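J.: Before I ask anything, here is the structure I am working with.
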């Protein structure tokens, strides 16, 4: 297994990326190609006094910054770490990509240069978030803000396969995100999508779900357009950070609270771990012909390590092959997907 890692992607690159990669090669059976400014990368590796034939380097002198327009930056910076890493996948020199860089640039580069899986119309970003009961997979969270109903149906298929094979779900429950559970609610687009979902027998469709249903843990996969999904994701991340900070503030207000916090330390540690996105690795870009895992821009070394783990599992479970087979079967049955 060979994973190309964008060494220059993220708020704290290349330091945390290199550290995460070193942790990954020690823990997982994988080889890494670090893509980026080779001199800077090697300087970081030297700080860890680490040498291994599991890590190689491909020089990419340019970086696409977080605030840049993805398509424009990809054209202007042909030698950026994202472009070069995508080229490695396209040439078959790597099995997967992990990047904490500009999400739009990764999506655009993967879609344009790697192409989509046969039968798939648009790629979607899927994110696993913690709930009261279990992980919930939300797709799409930013790749496609103006989808068609058939594209959301394909997201449902891909999320089901990913949930079963990576998250270990058995017959995952799938819901369509809406402003209410009643069939009369929602836009014409949502209603059309709902009717399309009702006709199928591939997955356990439980109907419309609302925002609160996600965090109660009553649904395994939630399908929505990328605009709404991105808002949900950002609110969830902000809420988790706010709750954590509020707890810290309250538990440090007086001597009694501080003594109580000492007793609660094990519980608080578990609580923090449940809310920590770094535990769950990166978000897969489902639908492209090669495996792309998008990590959070503020990824820690643990997050990078776990993103590499997710990439390994994605390739090992042959997720793309399962998606192709399922969509191909539906098309032979003239199902509108």
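The values are calculated or read from the model by the stated rules, or taken from the named source; none is laboratory data. Predicted, not measured: the structure shown is a model, and the values here were computed from it. Backbone-built Cβ (ideal geometry, glycine too); neighbour counts: all protein chains shown.
J.: If a residue has to be in contact with a helix residue (DSSP H, G or I) (Cβ under 6 Å, 6 or more places away or on another chain) and not in a helix (DSSP H, G or I) to count, how many in segment 132-175 make the cut?
T.: Number satisfying all stated conditions: 15.
J.: May I pose another question? Would you check if residue 72 is in contact (Cβ under 8 Å) with a residue 40 or more places away in the chain and either closer than 17 Å to residue 311 by Cα or assigned to a helix (DSSP H, G or I) (or both)?
T.: The answer is no for residue 72.
J.: Do we have residue 120 as surrounded by 17 or more Cβ atoms within 10 Å (Cβ to Cβ), in contact (Cβ under 8 Å) with a residue 24 or more places away in the chain and touching a helix residue (DSSP H, G or I) at 6+ places or on another chain (Cβ under 9 Å) here?
T.: Answer is yes for this residue.
J.: Among the residues of segment 278-309, which ones are modelled with pLDDT under 90 and farther than 20 Å from residue 18 by Cβ?
T.: Listed by number, the residues that qualify are 279, 280.
J.: Here is a follow-up. Kindly indicate whether any position in segment 99-118 is part of a loop (DSSP other than H, G, I, E, B) and touching a strand residue (DSSP E or B) at 6+ places or on another chain (Cβ under 6 Å).
T.: Looking for residues that are part of a loop (DSSP other than H, G, I, E, B) and touching a strand residue (DSSP E or B) at 6+ places or on another chain (Cβ under 6 Å), one finds at least one in segment 99-118, hence yes.
J.: Picking from 20, 67, 92, which residue would you name as being assigned by TED's automatic domain parsing to the domain that holds residue 107, at pLDDT 90 or above and not in a helix (DSSP H, G or I)? Outline the logic, then answer.
T.: Values: 20 fails: not in a helix (DSSP H, G or I); 67 fails: at pLDDT 90 or above.
Answer to the check: 92.
J.: While we're here: Cβ-Cβ distance below 6 Å, separation of 6 or more or different chains: which pairs start in segment 310-326 with a residue that is surrounded by fewer than 16 Cβ atoms within 10 Å (Cβ to Cβ) and end on one that is part of a helix (DSSP H, G or I)?
T.: What qualifies is 317/165.
J.: Can I ask one more? I'd like the full set of residues that are touching a helix residue (DSSP H, G or I) at 6+ places or on another chain (Cβ under 8 Å) and in a loop (DSSP other than H, G, I, E, B), limited to segment 182-192. Before the answer, list the steps.
T.: Going residue by residue through segment 182-192, those that are touching a helix residue (DSSP H, G or I) at 6+ places or on another chain (Cβ under 8 Å) are 183, 186, 189, 192.
Scanning segment 182-192 gives 183, 186.
J.: Before we move on, is residue 12 surrounded by fewer than 17 Cβ atoms within 10 Å (Cβ to Cβ) and over 25 Å from the mean Cα position of the chain (by Cα)?
T.: no
Quick grid of which residues meet (1) in contact (Cβ under 8 Å) with a residue 40 or more places away in the chain; (2) within 23 Å of residue 281 (Cβ to Cβ):
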{"position": "131", "(1), (2)": "yes, yes"}
{"position": "137", "(1), (2)": "yes, yes"}
{"position": "146", "(1), (2)": "yes, no"}
{"position": "165", "(1), (2)": "yes, yes"}
{"position": "169", "(1), (2)": "yes, yes"}
{"position": "192", "(1), (2)": "yes, no"}
{"position": "198", "(1), (2)": "no, no"}
{"position": "203", "(1), (2)": "yes, no"}
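J.: Starting from residues that are touching a residue at least 12 places away in the same chain (Cβ under 8 Å) and more than 24 Å from the chain's Cα centre (by Cα), keep the ones in segment 34-46 and report whichever is surrounded by the most Cβ atoms within 10 Å (Cβ to Cβ).
T.: 41
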